[in-house]
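J.: Would you mind keeping the following structure in view while I ask a few things?
A short reminder: the numbers here are calculations on the coordinates, not readings from a lab. Predicted model only: the values in this text are computed from it and were never measured. All Cβ positions, even for glycine, are placed from backbone atoms using ideal geometry, and neighbour counts span all protein chains on display.
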Amino acid sequence: MPSATARHILVDSETKCIELKEQISGGAEFAELAKQHSSCPSGSSGGELGTFGPGAMVPEFDEVCFNGEVGVVHGPVKTQFGYHLLEVTERS
């Protein structure tokens with residue numbers, strides 16, 4: 001069964017999500033921004049979600065985690081929780 005390891009930043013607006021993505025593109029550290037801005041409890045650990053299989057996350061997340069490019073910051077990804085920046089760090 002496939003598995004993915006990912007980290008994310010969860011914010012309440014698409015605008016904020018895009019701002020943070022631009023900061024990361026400009027060289028800001030993903031984990032630091034997660035600690036400062038993410039409303040998910042994972043923010044305190046740099047947005048790390050660990051390793052999981054298909055179906056463990058909401059469908060919008062699964063779509064990126066199992067089909068998106070690894071090592072690239074994807075987003076904004078809208079879910080019922082808000083807007084995410086999502087980086088798949090490993091996939092097997």
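J.: Are there chymotrypsin sites (Phe, Trp or Tyr not before Pro) in the stretch 58-92 that DSSP puts in a loop and that have at most 16 other Cβ atoms within 10 Å, and which ones?
T.: Sites meeting the loop and neighbour criteria: F81.
J.: Checking the cross-link filter: which aspartates and glutamates have an alpha carbon closer than 19 Å to that of K78, excluding same-chain neighbours under 8 positions apart?
T.: Result set, ordered by chain and number: D12, E14, E19, E22, E48, E60, D62, E63, E69, E87.
J.: Longest span of the chain, sites excluded, free of GluC sites (Glu not before Pro) in DSSP loop with at most 13 other C-beta atoms within 10 Å?
T.: 30-68
J.: Considering all alpha-carbon pairs of the stretch 4-91, what whole percent are spaced by more than 17 angstrom?
T.: 39
J.: Describe numerically, in nm with one decimal, the distance between label points set 7 Å from Cα along Cα→Cβ at E19 and at E32.
T.: It works out to 1.7 nm between the two label points.
J.: Length gain on complete extension for the stretch E60 to E90, per 0.36 nm per residue less the alpha carbon to alpha carbon distance?
T.: 9.0 nm
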